[in-house]
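The values are calculated or read from the model by the stated rules, or taken from the named source; none is laboratory data. Computed from a predicted structure; not experimentally measured. Every residue, glycine as well, gets a Cβ built from its backbone with ideal geometry; the counts of neighbours run over all protein chains shown.
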Amino acid sequence: MEYEFFNCEDNLFTPGNVKPGKTGPLSLPKNERPRERFLHYGPEAMSDEDLLSIILVSGIKGSNVTVLAKKLLKKLDVENGIPTIQELSRLSGMGLSKACQMAAVLEFGRRRWAMGHKIRSPEDTYSAIRHYADRRQERFICLSLNGAHELIASRIVTIGLVNRTIVHPREVFADPIHDRASAIIVAHNHPSGNIKPSEEDNEITGRLKSAAELLGINFLDHLVFTESCFFSYRREGLL
């Protein structure tokens, strides 16, 4: 893998928050609503929650589209695969029609783009997991790759506290072994905005590298990332 220098951007667009006491897109000024910002800034600038709000279009009384998007995003974050229509329809405010629509969108996206994306550099990895950067809790993510470093799957292994996450090698490697992966890349977000790895980060990196060697799986990199930049263990010569 080749690695090129990456500069952090301090002026990256961050979607505005809903004002206290207001939970629906219509409560925001028109130019701050998800659809309007989508048109102005493009899809790359949108949070996962905003994208789901646009797809869902509307909610129901007591569970408007913003609330529904939050619930759906929380469910998707803890699922290894695409939830079934029945599981989606159990979300308050979803309904069978919206559940079918969402399941179809997720499956179409999986078929078209999730598989086969080649990871050539830390930037490619960052692009694949950057949408998790706005989460308020740490997500520890594992990417399974084939021998050509093409993405097989990207999964959240565990969700931690605000400023730390606990992960065990057996949890990290369970799915890559099932995938018959030749290599993995792991990553986790730092909600604090500081990309400097902690001592705990260094310790788990060493444990995962040792476990990968025993399993015959290439441990390519560990990224610590925020919404605007990342730290690559491989690039810094720590792997």
When the residues of the range 91-120 are filtered to those that are crowded, with 18+ Cβ neighbours inside 10 Å and in a loop (DSSP other than H, G, I, E, B), which remaining residue is modelled with the lowest pLDDT? 93
It is to be established whether one or more residues within the range 136-158 are more than 20 Å from residue 234 (Cβ to Cβ), surrounded by fewer than 18 Cβ atoms within 10 Å (Cβ to Cβ), out of contact with any strand residue (DSSP E or B) (no Cβ under 9 Å at 6 or more places or on another chain) and in the same structural domain as residue 216 (by TED's automatic domain parsing). yes
Checklist (1) within 17 Å of the chain's Cα centre (by Cα); (2) crowded, with 19+ Cβ neighbours inside 10 Å applied to residue 228, failing item: (2)
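For (1) surrounded by fewer than 14 Cβ atoms within 10 Å (Cβ to Cβ); (2) hydrophobic (A, V, I, L, M, F, W, C); (3) farther than 30 Å from residue 179 by Cβ, each residue gets a yes or a no:
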| site | (1), (2), (3) |
| --- | --- |
| 37 | no, no, yes |
| 55 | no, yes, no |
| 72 | no, yes, no |
| 84 | yes, no, no |
| 89 | no, no, no |
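Just wondering, is there one or more residues in the range 165-182 that are at pLDDT below 90, of a type outside the set (S, T, N, Q) and outside any helix (DSSP H, G or I)?
Applying the first criterion (at pLDDT below 90) to the range 165-182 yields 165-167.
Right, trim to of a type outside the set (S, T, N, Q) and you get 166-167.
Going one step further and asking which of them are outside any helix (DSSP H, G or I), we end up with 166-167.
Checked against the condition, which is being at pLDDT below 90, of a type outside the set (S, T, N, Q) and outside any helix (DSSP H, G or I), the range 165-182 yields at least one hit.
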